[in-house]
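Below is one structure, written out as structure tokens; the observations come after it.
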Amino acid sequence: MNWTPSGRHFIAGEWIAGTTTFRSEPAHGQAHDFAVGTTELVDRACRAAEAAFAAFSATTREKRGEAVTLIGTQETGLPEGRLNGERARTTGQLRLFADHIRKGAHLDARIDAAQPDRQPAPRPEIRLVQRPIGPVAVFGASNFPLAFSTAGGDTAAALAAGCPVVVKGHSAHPGTGEIIAEAIAAASERTGMPAGVFSLIQGGRRDVGTALVTHPAIKAVGFTGSLAGGRALFDLCAQRPEPIPFYGELGSVNPMFLLPAATAARAEAIGSGWAGSLTLGAGQFCTKPGIAVVVDGPEADKFTSAAKAALEKVATQTMLTNGIATAYHDGVDRLRASNAVAPVLAAESAGRDAAPNLFETNGSAWLADHSLSEEVFGPLGLVVRVGSPEKMLALAESFQGQLTATIHMDDADLRLARDLLPILERKAGRLLVNGFPTGVEVVDSMVHGGPYPASTNFGATSVGTMSIRRFLRPVAYQNFPADLLPQDLRN
Ligand code: NAP
């Protein structure tokens, strides 16, 4: 199907054009012009969201479930290939959330019966339920134009909670944002939702994002993106006269620890598996396992050689945006210039293209140079060789917060794995054994988040049904007549 974006914003039920435009930079195909966002439009969308809040938060879970499901079924006309998988994930996510809220488990309802005869004083009846917090601002990431963007995880979670959403469109995929907004508009109309329940403001200017997170009507922000962008917006949220939670899912290097028995048994298989995970989607995944920690010796040589051999076979890939490609080449140059690391595979690429690069270093050099632990977004890996299994523990301690940490182990590695575990539990939101962290299941038990800088709000997840909890807050109702209680708390 041929679909041409109109380049407009979608604000509270209306498609709005603009006089100033920015041009998209697609990897292939025709570029299009999109209206640049303005602070006036941010204000209009946020006011409409606030106006819609009372009606939307009062809709039944059944009704909201219907609306959320419908968004998931109306997407059309999107690019093929990888996006097909991501589309299925996005629509599956919406259906999962719809089912989840229908069951009501996210409400965590609690009832303490009254004790009128309690001495020395009677106890009143108290009931608790989670209520939606208010309008939510959503910033999607460039690398997941569907699953982490306009109708992605944060939007689904906020709508499921009962919160209107104002999306700041990502400038890397404005057309995708627009077509998804069309689907949301249709779903919201068909299910009779109030107009302000969803708005999309195209970007093109940084002050659109800053105006959005500082707007008084916005009560929380869901963000997926870079550490620099996330930190800037997080600081703005904290500085507001009324500070609000900023749920930022940021970058991570996702360390893998290769324990000795597993490395002796299958160094080559782990090395080639790692290469596959490193280069999936041109390495543009927040869960890319960028660092492999291994005990120095012949097994480490086998592992590194296998990874190099597999990486050599990977063709150059096109990166998501010119900016991300430039940042990747800068990251490669930074490691090439460092005395602390040695190149294992140095492949040349330029412009929007990225070829894989592999480096190695040792434990002492790693511990001395903090910059080696920074994320390089793209197909780049770093092997860290340590002098002994025990040295792995010190290395694990040195990591900042991570989305994931992986242990490759066999039965004979159990003792070392037990020592490593309490350290890694404090570092990462998801721990894996004998696998690779790219590929995040959308399920009830998923945690996608971790201590800073993996995310700005640890204790929360942006994937899986627990993500809905970010946009709810508990309210206790003491001594309420049944007719005044929220629907979800009546017997
Ligand atoms: P990004 O450059 O930070 O952009 C994300 C969004 O924030 C965009 O809408 C961007 O606006 C806006 N933004 C960034 N800095 C801003 C600022 N200073 N003021 C106002 N708005 C600002 O991130 P990205 O390039 O899309 O994504 C790549 C990064 O995301 C990688 O580091 C990756 O690891 C991380 N990521 C994390 C996860 C996760 O779940 N933890 C998932 C995917 C990706 P513009 O449209 O104007 O650029």
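Below are the figures for this structure:
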item: Cα convex hull of the stretch 358-412, projected area averaged across orientations, nm²; result: 4.7
item: HN-Hα J in Hz across the stretch 307-315 - Karplus 6.51, -1.76, 1.60, θ = phi - 60°, x for Gly and Pro; result: 5, 4, 4, 5, 5, 4, 7, 7, 5
item: 5 angstrom amide H check on Asn362, placed H, neighbours 5+ away; result: Arg385
item: Relative frequency of Cα-Cα separations exceeding 25 Å in the stretch 167-299, percent; result: 50
item: DSSP beta bridges in the stretch 256-433 [antiparallel fraction, %, rounded to 5]; result: 20
item: Nonlocal amide H pairs with Val165, under 5 Å, H built at 1.01 Å; result: Val136, Phe198, Ser199
item: Hits among aspartates and glutamates - C-alpha to C-alpha of Lys219 under 16 Å, sequence gap 8 or more where chains match; result: Asp43, Glu50, Asp154, Asp235, Glu242
item: Lys, Arg +1 and Asp, Glu -1 on Cβ, resulting dipole of the chain about Cα centre, debye, nearest 20; result: 920
item: Loop GluC sites (Glu not before Pro), the stretch 77-161, which have at most 14 other Cβ atoms in a 10 Å radius of their Cβ (DSSP); result: Glu80, Glu125
item: Alpha-carbon centroid distance for the pair the stretch 112-132 / the stretch 353-383, whole angstrom; result: 57
item: Per-residue HN-Hα couplings for the stretch 279-296 [Karplus 6.51, -1.76, 1.60; θ = phi - 60°; Hz; x = Gly/Pro]; result: 9, 4, x, 6, x, 9, 10, 5, 9, 4, x, x, 10, 10, 9, 9, 6, 4
item: For the stretch 329-485, alpha-carbon Rg over 2.2 N^0.38 Å; result: 1.37
item: On Cα atoms only, tilt of 227-239 relative to the major axis of the chain in degrees; result: 40
item: Between the stretch 420-491 and the stretch 165-192, the Cα center-to-center distance that results, in Å; result: 25
item: 39 Å tail of the calculated P(r), the chain, as % of Cα pairs; result: 29
item: Relative contact order computed over the chain (Cα-Cα under 8 Å; 6+ residues apart), in percent; result: 17
item: Nearest-ten-degree value, helix 174-190 long axis tilted from longest Cα axis of the chain; result: 30
item: DSSP-defined beta bridges in the chain - what % are antiparallel, rounded to 5; result: 40
item: Karplus (6.51, -1.76, 1.60) ³J(HN,Hα), θ = phi - 60°, over the stretch 97-102, in Hz, Gly and Pro reported as x; result: 5, 4, 4, 4, 6, 4
item: Under the Debye formula (equal points on every Cα, no solvent term), log10 I(q)/I(0) of the stretch 256-433 at q = 0.10 Å⁻¹; result: -0.35
item: Cα centroid of the stretch 37-70 to Cα centroid of the stretch 213-241, whole Å; result: 19
item: Value of [θ]222 nm, deg cm²/dmol, for the chain, DSSP H segments ≥ 4, -39500 (n - 2.57) each, nearest 500; result: -11500 deg cm²/dmol
item: Amide proton proximity set for Arg205, modelled H, under 5 Å, gap of 5+; result: Gly37
item: DSSP-assigned coil residues among trypsin sites (Lys or Arg not before Pro) in the stretch 313-411, each with at most 15 further Cβ atoms within 10 Å; result: Lys313
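Read-outs: derived from the displayed coordinates by stated rules, not from any lab. All of these numbers come straight from a predicted model, not from anything done at the bench. For neighbour counting, all protein chains shown are included, and Cβ atoms are generated from backbone atoms with ideal geometry for every residue, glycine included.
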